[in-house]
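Laboratory data are not the source of any read-out in this text; all were calculated from the coordinates shown. Nothing here was measured: the structure is a model prediction, and the numbers come from that model. When we count neighbours, we look across all protein chains shown, and the Cβ atoms used for this are built from the backbone with ideal geometry, even at glycine.
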Amino acid sequence: MGDGPLYLGLDLSTQQLKAIVVQSDLQVVSDAKVDFDQDFGAKYGIKKGVLINEEEGEVFAPVALWLESLDLVLQRLQEKNTPLGRIRGISGSCQQHGSVYWSRQAETLLGGLKSDRSLVEQLTEAFSHPYAPNWQDHSTQAECDQFDAKLGSAERLAEVTGSAAHHRFTGTQIMRLRRKLPDMYAATSRISLVSSFLASLFLGAVAPMDISDVCGMNLWDIASNSWSEPLLELTAGKEGVAELRSKLGEVRQDGGGSMGRISSYFTAKYGFSPDCEVAPFTGDNPATILALPLRPLDAIVSLGTSTTFLMITPVYKPDPSYHFFNHPTTPGQYMFMLCYKNGGLAREKVRDALPKPADGGSSADPWTTFNKHALATPPLDVRPGSSDRAKLGLYFYLPEIVPNIRAGTWRYTCNAADGSDLQEAAQGWPAETDARAIVESQALSMRLRSQKLVASPDSGGGRRLPAQPRRIYLVGGGSLNPAIARVLGDVLGGADGVYKLDVGGNACALGGAYKAVWAFERADGETFDELIGKRWREEGAIRKVDDGYREGVFERYGNVLGAFEEMEERILKVARNT
Ligand SMILES: Nc1ncnc2c1ncn2[C@@H]1O[C@H](COP(=O)(O)OP(=O)(O)O)[C@@H](O)[C@H]1O
Ligand SMILES: O=C(CO)[C@@H](O)[C@H](O)COP(=O)(O)O
C-alpha cells in the first residue's frame, strides 16, 4: 500500500452496510460490512433488514439500526488496520426512496457529537420518527392515484418527474405520513433521503439531497430543475408548500466537490483526518453505474434484494413503466432504470421450495440445487426439436412494481414458435422447472421494457445482430451465481458478453468510492467518465461469465415476448394492486 490519499465509499442498502476504501488509482485497499440481520436481528426484530406491518402494507427500518451499523462498520475497518487517517474524501450510495425525519434538535445534536459515546446514544432525540419507510413499502396506493391524476395522467407525471407514481417514491410516502402522523410531521424540521441522511452523519449537519437521488421522489421537476409546485401542493396542501420546501431543503446540483469537512466525532473516535471531506452521497442504483465506465448500450443488472436493470442515455424518454433519473455526476445524461421488488428474495423462495437432493443438500452453497435445475432445464422448458409448449411464469411473493400486480404466482404456457395460444397452466408444473422459469421471467420483463433503448450493436464482422445490449454487467449478491448469469445471457443477449464485477456484491459501495475520487481529484471541468476512464483497468475489475448473445436461443425468447406481455396484461386485469 502506498501513502497517497484514500477514499471511502459506503453502501447502506436493504440488508447490509458496506464500506470500501480505494486509492487514487482505484485499487481497493480495505473493506468491511455489517449484516443487519446477523449483527442486529435479535435486537431490532428485523428480517432481511426491515420490519413489516402486513395490515397496511408498510415496510420500514429502524433509524437506530443504521446509526449502530455505521459505528460498527467503521470499527471493523479500524480492526483491519485500515489507515483511516489517510482518507481524504467520503461518498456513498444508499437504498433509494427511503426517508428519514429529523426533529428540531437535529442540527444541535449532529453538531455536538462527542466521541466517547455512540451515535445511537446521542442521536435518538434527533429524529421526529424512529423509522424510515423502505422501498418495499406498498402502503400508498391512494396517494399514488392522486399523484398520477395531479398533472393529468401517469404519462405526464413520468414526463415531469422521470417516473409515474410508485408506492415507494418519497413524495407519496411523505403525503401518507403527513396524514397518518400529523404531529410527527409538524415536529419534523428536515426530511432526508437515506443518502443525504448518511452524509449528514459524517458532516455533523443536515446535508442537501443529491441531484440524482432526488428523482426517486415524484416531486422533482427534471426539466425545470426544481421542486414541482403542484406536486408539493398535493403532498402538503396549498398552505403547507412553504413548510414542505423548508423540510426538503435545497438540492445540491453538483454531484462532486465537497459539502464540508468531516465531523470531529469521526476524527476523535476513528482517527479520520480533520481535512477529510464529505462529497454528496447518492442512491445505490445511481452509484452502481459509477462502478465502472459504462458506455451507452451497455446494461447493468443489479441482483441485490431488489433486481434492477440500468442503462445510461443522453435521451430523456420517460414512460410510466420505467424510471429516468438525472445521472449522478454528468448533467445532460440520464439513468434508465427498471426496478423489481421480487428480485433476490423471490429467487430465494423458489430455491427454498425445491425438493431436497437425496444427499440432503450437503453442498455449502445453498444455490447448488437451484443452479443444477436452472441449467438442466432447456430454454422455456422446450426440448430441442420437440413440440413442447413454452412455459412462462410470474413469481411475485411481494406486490410487484413493474407491472403493478399484487402478490401471487402465475404459470402459463404458449406455442413456443410464435407465442400464440397463451393459456394458464392450471396444473402448474414441477418445482424444479421454476428455477429456470423465475430467472427467465425476470429477464423477459427487462427485455420487454428496454427494447426501445437498445440497438443492433456493431458485431465487428459486418453481421447485423438483433437489437440488444452490447455488454451486460452483473452486480449485487446474485452476481456470484453462474446459472443466473447464463440464463440472463440467454434471454437478454449481450453481443460482447456478460461480465461480473469482481467486487460484484460491493459494486454500489465501489461506485460511491469512485465518486469520492472524482469529487476531490477532478480537474476543472473533468467529467467522471474522463477521470475514471483513464484510471480504470478492465483486468482485475471485471470477469466474463457468459458469452451473452447465442444465435437461435435469443430469438426463441423473442418469439414469446409478445405472449409474456399478454400474460402480464391478463393478470393485471384481475390482480392489479389496489
Ligand atoms: N450465490 C448466489 N446466488 C444467488 N443469489 C445470491 C447468491 N449470493 C447472494 N445472493 C443473494 O443476494 C442478495 C443480497 O444481495 P446484496 O446486493 O448484498 O443486497 P442488498 O444490497 O440489497 O442489501 C440476497 O437476497 C441473496 O439471496
Ligand atoms: O427501490 C429501489 C430502486 O428504485 C431499490 O433498488 C432500492 O434502491 C434498494 O436497493 P437494494 O437494497 O436492493 O440494493
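Both the radius of gyration and Dmax for the range 144-218 are 13.9, 41 Å, in that order, over alpha-carbon atoms.
Its convex hull of Cα atoms gives the range 506-578 a direction-averaged projected area, equal to a quarter of the hull surface, of 9.9 nm². For a straight C-alpha distance cut-off of 15 angstrom, the aspartates and glutamates reachable from LYS150 (same-chain residues fewer than eight places away being disregarded) are GLU159, ASP221, GLU229, GLU233. The C-alpha atoms of the chain define a longest principal axis, and helix 507-521 lies at about 50 degrees to it. Over all alpha-carbon pairs in the range 425-578, figure out the percentage whose distance exceeds 18 Å. For the range 425-578, the fraction of Cα-Cα distances above 18 Å is 68 percent.
For the peptides 144-150, 76-82, the ranking by packing is 144-150, 76-82, with the highest mean count of neighbouring Cβ atoms within 10 Å listed first. The calculated 222 nm mean residue ellipticity attributable to helices in the chain amounts to -10000 deg cm²/dmol, summing -39500 (n - 2.57) over DSSP H runs of n ≥ 4 and dividing by all residues. For the range 200-266, the spread of Cα coordinates along the three principal axes comes to 41, 24, 15 Å, biggest extent given first. In plain terms, if you count all Cα to Cα distances in the range 21-123 and split them into 10 Å steps from zero, the share in each step is 11, 35, 36, 15, 2, 0 percent. Over the range 6-286, all Cα pairs binned in 10 Å intervals from 0 give whole-percent P(r) values of 7, 30, 36, 20, 7, 0, listed from short to long.
Relative to the longest principal Cα axis of the chain, at what angle does helix 561-575 sit, 0 to 90 degrees, rounded to 10? It works out to around 70 degrees. Taken along its principal axes, the alpha carbon cloud of the range 401-443 reaches lengths of 29, 23, 21 Å, longest axis first. When only alpha carbons of the range 483-523 are considered, Rg and Dmax amount to 14.8, 43 Å. The protection proxy used here, the mean number of other Cβ atoms lying within 10 Å of each residue, ranks peptides 214-224, 86-96 as follows, highest first: 86-96, 214-224. Residue-normalised convex hull volume from the C-alpha trace of the range 247-296: 147 Å³ per residue.
Treating the range 347-436 as a set of equal point scatterers at the Cα positions, no solvent, please give the Debye-formula log₁₀ I(q)/I(0) at q = 0.18 Å⁻¹. Normalising to I(0) and taking log10 leaves -0.91. Both radii come from the Cα set of the chain: Rg as radius of gyration, Rh as Kirkwood radius; their ratio Rg/Rh reads 0.96.
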